[in-house]
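So the structure is just underneath, and the comments pick up after that.
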Amino acid sequence: MPVYKAPLRDMKFLLNEVFDYPNHYTRLKTGANATPDIVDAILNECGKFCEEVLSPLYQSGDEEGCKLENGEVTTPEGYRKAYQQYALGGWQGLSAPEEYGGQGLPASMGLLKQEMMGTANWPFSMYPGLSMGAMNTIFLHGTENQKQTYLVPLTEGRWGGTMCLTEPQCGTDLGQVKTKAEPQEDGSYKLSGTKIFISSGDHDLTENIVHIVLARLPEAPKGTRGISLFIVPKFLPDGNGGIGQSNGVTCGSLEKKMGIKASATCVMNFDDATGFLIGPENEGLNCMFTFMNTARIGTAIQGVGPAELSYQWALDYAKERRSMRALSGKKEPDQAADSLIHHADVRRMLLTQKAIAEGGRAMLYYAARLADHMVEGHTTGDDKKADAYDDKLGFLTPILKGFLTELGNEAANLGVQVFGGHGYIREHGMEQIVRDTRIATLYEGTTGIQALDLLGRKVLLMTQGGAVREFTLKVANFARKTLTNKRVRPFSVELLKLTAQWNVLTVRLMLAARKDRDVVSSAANDFLMYSGYVTMAYMWARMAAVASDRLDKGGADSEDFYRAKLATAEFYYERLLPRAQAHATSMLSPSKNLMQLNAEHMAFTD
Ligand SMILES: Cc1cc2nc3c(=O)[nH]c(=O)nc-3n(C[C@H](O)[C@H](O)[C@H](O)COP(=O)(O)OP(=O)(O)OC[C@H]3O[C@@H](n4cnc5c(N)ncnc54)[C@H](O)[C@@H]3O)c2cc1C
C-alpha cells in the first residue's frame, strides 16, 4: 500500500506566492511568531509526522477498527503511541492561546496541520479535531475557572473532547433535543439522556474526555430557544489538574459503520451525569455554533484530503500499470503496452482529481486568512472585527463544506476507477478512501443543509443578494486586472461572465421565491454547486496569474511547476467549469417538477 507524501511544494506556493501569508501574518497579533522560517519548519515537521507516523496506520486502523470491551473503548494498534507523539510534540496547542498552554500561532496554522493530518489519516485526525471543537467552545464561552480546569489539559492533549448534539430523533433539527439537565443546589446539573453518533465519545488515547453537551433545563422553551450547553467530563476534575471520580457517562455501544472505522463513533448514555453550564441558559445552540465557520472549514478539508490522497496513489499506479497502446501511437515501444497515463480518459480522471485537490486547497487557504482575522477579533474582544469576518466567512463556509466534500467524494471514486478492478480490492487502499470520505457530506450539516444555509439564510434572507454582490465584486475586480495577461485572459473573460450570471441567478431566485416558497429548497443544491464551481474558478485564475507572472519574472519553483499550474487551470476551465451551466439551468427550473408527484405515488409496489 502506498504512503502519503505531504504536498509541501503546492502548500508553499499557495502560502507564499498566491495568498502572501508572510505579509498577512505580520498584520496579526498572533502572527509575530509565524515568521517564514518558523512556518516552514512547522510544515516540514508536521509533514514528516504525517508521512512517517500517521500514514502507515491508515490501513491497519481500518482493518482493526475500535473495540468496546467492559465499557471501555480501545483504538487500533499504534494509535496510542502516535497520539502520545502528537501530544508531546505540542501539536494540539499549535494555534491555541498561550495563556492556556498553547503556542499562540494563527488559526490558519492549525488548519494547515489539520489538512496534512487529515489527508494522511482522517480517522486518527478526528480525535484531536473533536478536542479542538471543545477547546474553542470553552475558550469563548467558559468561565475563567472552566478554562483553567478544562482548556489547559485539552490544549496539552492530555484530555480529549467531544461535541454531543445528535440524538436518535434528531441530527439536523436540534430543536428536538430531549436530554435533560436538572439544576443542583451546588450550582452543577445532573444530565440524563442518550446521544448517538458521538465521534471520540470514548477511547483510550487520553486520561479524560470532556463532553460538550446540548441539553434542556426544566421549563425551558420548546425548540432551539430552550437548549443550553454543558461541560460533562468522563472523570470529574480533582481540582489539581488531574482526574477524580468517574462521572455517569458511559459508551453504550459503538456504531457499526461504512468507513472511518478507526474513529470511535459512540452511543453515549448520560445517567445523572454531573455537568456544568457553559454560556447563558437557553443559548446553547448559539454558543455551540460560534466557531461553526472554522469547524466547517475543518470538515471541508475532508473534501481536499481524499482528493489529494487518492490522486497521489492513482497517479503512481497510472504510471506503472500498462494497458494497450496510446491512440496517438506507441509511447513505450520497448514495453508490452503503454502505461495508463498515456490514455486521455485516464488523464481526464487524474486531472479531475488534481484540479479538485489543488483548487480546493486554494479555497481553504483563501478562507483560512479570513478565519485568522475572525479568531483574532474573538480573542482580543474586538466584536466588530469578529462579526465582520464571521459574515465574510459565513458566506464562504457552506460553499467550502458542501461543494468540496461533494467533489472529494467524486475524486475518491475516480481513484478507484483509475485502478480498475484493483481499486475495488482492499489491499490498494483506494476503496477505503471512498468509504472514509462518504461521511464528509453528512456530518457538520449535510450538503442539503449547507445549501439551504447558503441560499436561504446567507444570500436571500440575511443580505438580499448582498453577499453574492460583495464576493463577485472582488472576483470581477481581479478578472478586470488580469485581462491584459494573455495567458490568463481566457479565464478572466469567463470569470466576468460568471460573476454577472451569479448575480442574475440570485435575483431570479429571489423573485421566484417570493411567489413559491419551495423554490429555496428546490434550487439550493444547484446554487451551492454553481457557487462552488465559480469560486474554484476564481482560485484557479489566481493561481494561473501567479504562475504566469513567475514564468515571466522567475519564482521559487521550476518553470515546469508553473506550467503545470497553467495547464491544470486550462483543464479546469474547459472541462469542469462547464458543469456550472447545468446547475444554472437546473436551479431555475420550477419547483413543480419536484413537488407535483403525490408522496403516495413515488413508488407503485403492487
Ligand atoms: C460517523 C458519524 C459521526 C458523527 N459525529 C457526530 C458528533 O461527533 N457529534 C454529533 O452531535 N453528531 C455527530 N454525527 C451526527 C451527524 O452530524 C448527523 O447525522 C447529521 O447532522 C445529519 O443528521 P441526521 O442523521 O439526523 O439526518 P436528518 O436530519 O434526518 O436528515 C436526513 C436527510 O434529510 C435532509 N433534510 C433534513 N432536514 C431538511 C430540511 N429542513 N430541508 C431539506 N432537507 C432536509 C438532510 O439534508 C438529509 O439528506 C455523526 C454522524 C456520523 C454518521
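The values are calculated or read from the model by the stated rules, or taken from the named source; none is laboratory data. If you're wondering where the values come from, they're calculated on a predicted model, not measured in any experiment. We place every Cβ from the backbone using ideal geometry, glycine too, and count neighbours over all the protein chains shown. For accessibility, only protein heavy atoms count, side chains too; no ligands or nucleic acids. Shrake-Rupley method; radii C 1.70, N 1.55, O 1.52, S 1.80 Å.
The table that follows gives values for the structure above.
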| read-out | value |
| --- | --- |
| Some residue of segment 240-254 being within 13 Å of the ligand (Cβ to nearest atom) and within 25 Å of GLU283 (Cα to Cα) | no |
| Qualifying residue in segment 234-246 (condition: in contact with a Pro (Cβ under 9 Å, 6 or more places away or on another chain), open to solvent by 60 Å² or more (accessible area, probe 1.4 Å), in a strand (DSSP E or B) and more than 30 Å from GLY171 (Cα to Cα)) | yes |
| Count - residues of segment 447-486 that are part of a helix (DSSP H, G or I) and either surrounded by 15 or more Cβ atoms within 10 Å (Cβ to Cβ) or touching a Lys or Arg at 6+ places or on another chain (Cβ under 9 Å) (or both) | 24 |
| Sole residue being closer than 19 Å to LEU442 by Cβ, in contact with a helix residue (DSSP H, G or I) (Cβ under 7 Å, 6 or more places away or on another chain), outside any strand (DSSP E or B) and at pLDDT 95 or above, chosen from ALA220, ALA262 | ALA262 |
| Qualifying residue in segment 496-503 (condition: touching a Gly at 6+ places or on another chain (Cβ under 9 Å) and more than 16 Å from the ligand (Cβ to nearest atom)) | yes |
| Tally, over segment 504-523, of residues that are within 14 Å of the ligand (Cβ to nearest atom) and in a helix (DSSP H, G or I) | 6 |
| In segment 180-199, residue most open to solvent (accessible area, probe 1.4 Å) [restricted to those that are under 24 Å from PHE139 (Cα atoms) and within 12 Å of the ligand (Cβ to nearest atom)] | SER199 |
| Filter pass, GLY408 being of a type outside the set (Ser, Thr, Tyr), part of a helix (DSSP H, G or I), buried (at least 24 other Cβ atoms within 10 Å of the Cβ) and touching a Pro at 6+ places or on another chain (Cβ under 7 Å) | yes |
| Residue within segment 326-339 that is open to solvent by 60 Å² or more (accessible area, probe 1.4 Å) and of a type in the set (Ser, Thr, Tyr) present | yes |
| Subset of segment 256-291 [open to solvent by 30 Å² or more (accessible area, probe 1.4 Å), within 16 Å of the ligand (Cβ to nearest atom) and among the aliphatic types (A, V, I, L, M)] | MET258 |
| Subset of segment 487-503 (residues that are more than 23 Å from ALA524 (Cβ to Cβ), surrounded by 15 or more Cβ atoms within 10 Å (Cβ to Cβ) and either among the aliphatic types (A, V, I, L, M) or in contact with a strand residue (DSSP E or B) (Cβ under 9 Å, 6 or more places away or on another chain) (or both)) | VAL488, LEU495, LEU496 |
| Criterion: without any contact (Cβ under 8 Å) to a residue 12 or more places away in the chain and under 30 Å from GLY305 (Cβ atoms) - qualifying residue of ARG347, ARG361 | ARG347 |
| Any chance THR149 is surrounded by 19 or more Cβ atoms within 10 Å (Cβ to Cβ), modelled with pLDDT of 95 or more and assigned to a helix (DSSP H, G or I) | yes |
| Single residue of segment 200-233 satisfying the filter (closer than 21 Å to GLN169 by Cα and away from the ligand (no atom under 16 Å from the Cβ)) that is surrounded by the fewest Cβ atoms within 10 Å (Cβ to Cβ) | GLU219 |
| Failed item in (1) in contact with a Lys or Arg (Cβ under 7 Å, 6 or more places away or on another chain); (2) surrounded by fewer than 19 Cβ atoms within 10 Å (Cβ to Cβ), with SER253 passing the rest | (1) |
| Residues located in segment 416-437, provided they are surrounded by fewer than 20 Cβ atoms within 10 Å (Cβ to Cβ) and either within 16 Å of the ligand (Cβ to nearest atom) or under 25 Å from HIS343 (Cβ atoms) (or both) | GLN417, GLY420, GLY421, HIS422, TYR424, ILE425, GLU427, ARG435 |
| Pair list, Cβ < 7 Å and 6+ apart or interchain, from segment 27-42 residues that are touching a residue at least 24 places away in the same chain (Cβ under 8 Å) and open to solvent by less than 60 Å² (accessible area, probe 1.4 Å) to residues that are part of a helix (DSSP H, G or I) and acidic (Asp, Glu) | LEU28/ASP372; LEU28/GLU376; THR30/GLU376 |
| Which listed residue is open to solvent by 40 Å² or more (accessible area, probe 1.4 Å), part of a loop (DSSP other than H, G, I, E, B) and touching a residue at least 24 places away in the same chain (Cβ under 8 Å), from GLN114, GLN103 | GLN103 |
| Residue under evaluation ALA556, criteria (1) more than 16 Å from the ligand (Cβ to nearest atom); (2) of a type in the set (A, V, I, L, M); (3) modelled with pLDDT of 95 or more, criterion not met | (3) |
| Options ASP552, ASP526, ASP560; residue that is part of a helix (DSSP H, G or I) and buried (at least 21 other Cβ atoms within 10 Å of the Cβ) | ASP526 |
| Which listed residue, of GLY360, GLY394, is modelled with pLDDT of 95 or more and either under 27 Å from ARG579 (Cα atoms) or in a helix (DSSP H, G or I) (or both) | GLY360 |
| Residue count for segment 340-360, restricted to those that are of a type in the set (S, T, N, Q) and open to solvent by 80 Å² or more (accessible area, probe 1.4 Å) | 0 |
| Odd one out for TRP159 among (1) away from the ligand (no atom under 16 Å from the Cβ); (2) closer than 27 Å to ASN70 by Cβ; (3) open to solvent by 10 Å² or more (accessible area, probe 1.4 Å); (4) among the aromatic types (Phe, Trp, Tyr) | (3) |
